Amino acid sequence: MGRMFEARKHTIFARNARIAKQFTRVSREIVIAVKAGGPEPSNNPALRRAIQNGRAVSMPKDKIKAAIERALGGQGEDYREIVYEGYGPFGIPMMVVTTTDNPTRTVANVRMHFKKNGGNLGNSGSVAFMFNRMGLIRLKPEGVDRDDLELEMIDFGLEDLVDGEDDNGNPLLVLRCAFNDFGTLQGGVEAQGIESVSTGSEFVPTTFMDLDEEQEAQMLKLVDALESDDDVQEVFHNVR
């Protein structure tokens with residue numbers, strides 16, 4: 001009974017920590033978007049994306065509103081996105097996306113995670129050439145004619161349309177474009193009257209590497225350490 005309770009408690013704590021991390025990520029997205037483009041979603045595509053991402057993780061409306069008000073009142077921290085590059089164990093190239101109000105703290109923590117887990121933090125440009133940054137828009141497939149959507153969105157920068165899943169295993173359509181075409185593709189989707197489930201970006205590797213089971217376990221230790229950091233938003237690598 002005790003062990004079952006501990007296992008359940010650990011699961012609940014892990015879930016709560018994941019939810020808190022998601023809310024923190026979206027709150028920072030909102031603050032950055034409002035400070036850059038104002039508080040009106042109708043005039044601020046980045047804010048629309050951030051609010052959609054909040055809805056995707058069931059972020060309460062009052063928390064979304066509070067993040068907007070903090071940014072407007074000058075109380076929100078001065079967050080900005082910084083992408084770090086490095087090599088994990090076995091020479092695995094990695095891209096680490098952060099949002100931070102204290103770059104000195106963040107780079108020190110990211111460097112520590114790499115060092116403790118068999119990797120090393122690299123200089124700007126040391127790894128980025130091995131990845132292409134892509135914009136992502138995720139849609140529910142219900143009521144969407146996939147072929148028609150693909151044809152319509154090509155003119156708005158669509159490069160790929162693939163099947164995906166949300167965290168609960170529900171099917172999604174995932175639209176990919178060059179990162180610079182992100183806003184254009186978003187506008188094209190909205191012009192069709194389609195509301196996205198969530199949006200984001202990813203670093204897609206140009207080549208892939210294979211690891212055995214033991215190597216993969218070591219690599220995942222670094223990924224877990226990075227993802228547990230409050231400033232780290234996403235981690236990308238080229239392990240197949």
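Considering every residue within the range 101-109, establish whether at least one is surrounded by fewer than 20 Cβ atoms within 10 Å (Cβ to Cβ) and touching a helix residue (DSSP H, G or I) at 6+ places or on another chain (Cβ under 6 Å). No, the range 101-109 contains no residue that is surrounded by fewer than 20 Cβ atoms within 10 Å (Cβ to Cβ) and touching a helix residue (DSSP H, G or I) at 6+ places or on another chain (Cβ under 6 Å). Being among the aliphatic types (A, V, I, L, M) and either more than 19 Å from Asp224 (Cβ to Cβ) or modelled with pLDDT of 90 or more (or both) holds for only one residue in Ile30, Ile19, and it is Ile30. Exactly one residue out of Leu211, Leu173 is under 21 Å from the mean Cα position of the chain (by Cα) and touching a residue at least 12 places away in the same chain (Cβ under 8 Å), and it is Leu173.
Please go through the range 87-129 and pick out each residue that is in contact with a Leu (Cβ under 9 Å, 6 or more places away or on another chain) and either on the phi > 0 side of the Ramachandran plot or among the charged types (D, E, K, R) (or both). Selection gives Phe90, Arg111, Lys115, Lys116, Gly118. In the range 27-52, the residues that are under 16 Å from Gly187 (Cβ atoms) form Cβ pairs under 8 Å with partners that are in a loop (DSSP other than H, G, I, E, B) and hydrophobic (A, V, I, L, M, F, W, C), at six or more places apart or across chains, as follows: Gln52/Val197.
Listed by first and then second residue, the pairs with beta-carbon distance under 8 Å, at least 6 apart or on different chains, first residue in the range 141-169 and in the same structural domain as Leu185 (by TED's automatic domain parsing), second basic (Lys, Arg), are Leu158/Arg176; Glu159/Arg176; Asp160/Arg176; Leu161/Arg146; Leu161/Arg176; Val162/Arg176; Gly164/Arg138; Asp166/Arg138. Condition (residue is outside any helix (DSSP H, G or I), within 30 Å of Gly125 (Cα to Cα) and modelled with pLDDT under 90) applied to the range 78-99: is it met by at least one residue? The answer is yes; a qualifying residue exists. Report yes if some residue within the range 198-208 is among the β-branched types (Val, Ile, Thr), farther than 24 Å from Pro41 by Cα and surrounded by 18 or more Cβ atoms within 10 Å (Cβ to Cβ); otherwise report no. No: the range 198-208 contains no residue that is among the β-branched types (Val, Ile, Thr), farther than 24 Å from Pro41 by Cα and surrounded by 18 or more Cβ atoms within 10 Å (Cβ to Cβ). Whether any residue in the range 89-96 is in contact with a strand residue (DSSP E or B) (Cβ under 6 Å, 6 or more places away or on another chain) and closer than 28 Å to Pro41 by Cβ is what I want to check. Checked the range 89-96: no residue is in contact with a strand residue (DSSP E or B) (Cβ under 6 Å, 6 or more places away or on another chain) and closer than 28 Å to Pro41 by Cβ. Here is the figure for the range 84-128: residues that are aromatic (Phe, Trp, Tyr) and either in the same structural domain as Leu161 (by TED's automatic domain parsing) or over 30 Å from Leu175 (Cα atoms) (or both) total 2.
The residues on offer are Val197, Val174, and the sole one that is β-branched (Val, Ile, Thr) and either closer than 21 Å to Met95 by Cβ or modelled with pLDDT of 95 or more (or both) is Val174.
The values are calculated or read from the model by the stated rules, or taken from the named source; none is laboratory data. Values in this document were obtained by computation on a predicted structure and should not be read as measured data. No Cβ is skipped: glycine too gets one built from the backbone with ideal geometry, and neighbour counts run over all protein chains shown.
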